[in-house]
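Q: One structure coming up, written as structure tokens, with questions to follow.
The values are calculated or read from the model by the stated rules, or taken from the named source; none is laboratory data. All values derive from a computational prediction rather than experimental measurement. For neighbour counting, all protein chains shown are included, and Cβ atoms are generated from backbone atoms with ideal geometry for every residue, glycine included. For the accessible areas, the whole protein counts, side chains as well, though only heavy atoms, and no ligand, DNA or RNA atoms are used. Shrake-Rupley method; radii C 1.70, N 1.55, O 1.52, S 1.80 Å.
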Amino acid sequence: MRPKILVTRKISDLAEKKLEKEFDTTLNLKDEPIPESELINIVKDYDGMISTGFDKISESFFKNLNGKLKIIAQVGVGYDNIAIKFAESKKIKITNTPNVLNEAVAETTILLILAASRRIGEAYNLVRTDNWKNQKPDLTKFMIGNSVTGKTLGIIGMGRIGRIAAKYARAFGMKIIYYNRNKLSNDLEDGASYYSDIKDMLPKCDFVSIHTPATAETKHILNFSTISLLPRHAVVINTSRGSTIDDDALIDALENKKIYAAGLDVFNNEPNLDKRYLNLDNCFVLPHVGSATHETRLAMSMMAVDNIYCFFNGKPLISEVV
Ligand code: DGY
């Protein structure tokens, strides 16, 4: 009998076809979200599951398993939606999809840097609401933002995505500095300067961009105390996870012009982000689309399917979390 695989959400067509060739597959063609309470019952019939960051897979999910499920292959590099230590205790393999989304997320980082510093949200709204014609075309005031070229970008978390964001930022003549658990080799640093203490780096940042995973250690890495170290012209960028930022602290800084702007793709409690962000002209917001390109989502979907394939064929997993 072929192993039974449940796919919780719609993934790329090619990946679904590949999965169906090898496995007894249940797809979610309508892409309806499955609440965790239902997923807990449905999954009891399956040997493997392909999940996405939209699924909640908590302690109760693992506590209710009956021993059939052996692997969850997440389509996504982040897996903060999965209660990893309970997966481990139940000996369920968890895989993710690193690397294939590095460029897409780094592109989004650059997009946010440009959009936040050049006031693109405000400018776009002006045209879309047909209000451009009502503006005074003032050479020194109309939609004037800050230049990016030649500025200093501080990267929090110089992993795979952080390093590609740094590479793209160098094309704008940006100087790269970074804070990381460990100093990188000269090769990986590629000219970036290392700070072992984030508090020493922040005062030097014209832009600061977060590229860490969501862990207990990185929760609220930008908070009242760290944000207060940024210069008034600084721009905060986040494409990692909302939990890395204390919303009260960032909103206070934006409302009271303690920093210049923010560009955010990720939020606490997505999609129900703190509504105060929506009233801030100096905050450019996106609905968590960092990896949302056709090419990247296909590669992510394929990698999840390949992890399932390797697992059930006794081959080494491509990207094992636990
Ligand atoms: C990830 O892979 O974790 C991304 O945030 C999903 O787009």
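Q: Can you tell which of Ala216, Ala262 is without any contact (Cβ under 8 Å) to a residue 12 or more places away in the chain and within 18 Å of the chain's Cα centre (by Cα)?
A: Result: Ala216 is the single residue among Ala216, Ala262 that is without any contact (Cβ under 8 Å) to a residue 12 or more places away in the chain and within 18 Å of the chain's Cα centre (by Cα).
Q: Of all residues in segment 46-61, which are over 20 Å from Asn307 (Cα atoms) and either within 16 Å of the ligand (Cβ to nearest atom) or surrounded by 16 or more Cβ atoms within 10 Å (Cβ to Cβ) (or both)?
A: If the condition is that a residue be over 20 Å from Asn307 (Cα atoms) and either within 16 Å of the ligand (Cβ to nearest atom) or surrounded by 16 or more Cβ atoms within 10 Å (Cβ to Cβ) (or both), then Lys56, Phe61 are the ones that fit.
Q: Go through segment 242-275 and count every residue that is more than 15 Å from Ile227 (Cβ to Cβ), in a helix (DSSP H, G or I) and touching a helix residue (DSSP H, G or I) at 6+ places or on another chain (Cβ under 9 Å).
A: Here the count works out to 0.
Q: OK, next. Report yes if some residue within segment 67-78 is more than 16 Å from the ligand (Cβ to nearest atom), more than 24 Å from Val100 (Cα to Cα), open to solvent by 50 Å² or more (accessible area, probe 1.4 Å) and among the basic types (Lys, Arg); otherwise report no.
A: Yes: one or more hits.
Q: Continuing with the same structure: I need the full set of residues from segment 90-106 which are on the phi < 0 side of the Ramachandran plot and away from the ligand (no atom under 16 Å from the Cβ), in order please.
A: The answer is Lys90, Ile92, Lys93.
Q: Using the structure shown, decide if Ile251 is open to solvent by less than 10 Å² (accessible area, probe 1.4 Å) and away from the ligand (no atom under 15 Å from the Cβ).
A: Against the criterion (open to solvent by less than 10 Å² (accessible area, probe 1.4 Å) and away from the ligand (no atom under 15 Å from the Cβ)), Ile251 qualifies.
Q: Test of understanding: among Thr215, Thr226, which residue is within 25 Å of Gly78 (Cβ to Cβ), within 16 Å of the ligand (Cβ to nearest atom) and not aliphatic (A, V, I, L, M)?
A: Thr215
Q: Could you please give the count of residues in segment 289-322 that are within 14 Å of the ligand (Cβ to nearest atom) and open to solvent by 70 Å² or more (accessible area, probe 1.4 Å)?
A: Final tally of qualifying residues: 3.
Residue by residue, here is whether (1) more than 16 Å from the ligand (Cβ to nearest atom); (2) loosely packed, with under 14 Cβ neighbours inside 10 Å holds:
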| residue | (1), (2) |
| --- | --- |
| Glu88 | yes, no |
| Thr108 | no, no |
| Ala115 | yes, no |
| Arg119 | yes, no |
| Gln135 | yes, yes |
| Thr140 | yes, yes |
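Q: Another question about this same structure. Taking segment 186-221, which residues are more than 28 Å from Asn268 (Cβ to Cβ), in a strand (DSSP E or B) and not small (Gly, Ala, Ser)?
A: Listed by number, the list holds a single entry, Tyr194.
Q: Find all pairs meeting these conditions: Cβ atoms under 9 angstrom apart; at least six residues apart or on different chains; first residue within segment 173-200 and within 24 Å of Ser228 (Cα to Cα); second residue among the acidic types (Asp, Glu).
A: Met174/Asp206; Lys175/Asp206; Ile176/Glu189; Ile176/Asp190; Tyr178/Glu189; Tyr179/Asp197; Tyr179/Asp200; Arg181/Glu217
Q: Name the residues in segment 130-175 that are part of a strand (DSSP E or B) and in contact with a Ser or Thr (Cβ under 8 Å, 6 or more places away or on another chain), would you?
A: Those that are part of a strand (DSSP E or B) and in contact with a Ser or Thr (Cβ under 8 Å, 6 or more places away or on another chain): Leu153, Gly154, Ile155, Ile156, Lys175.
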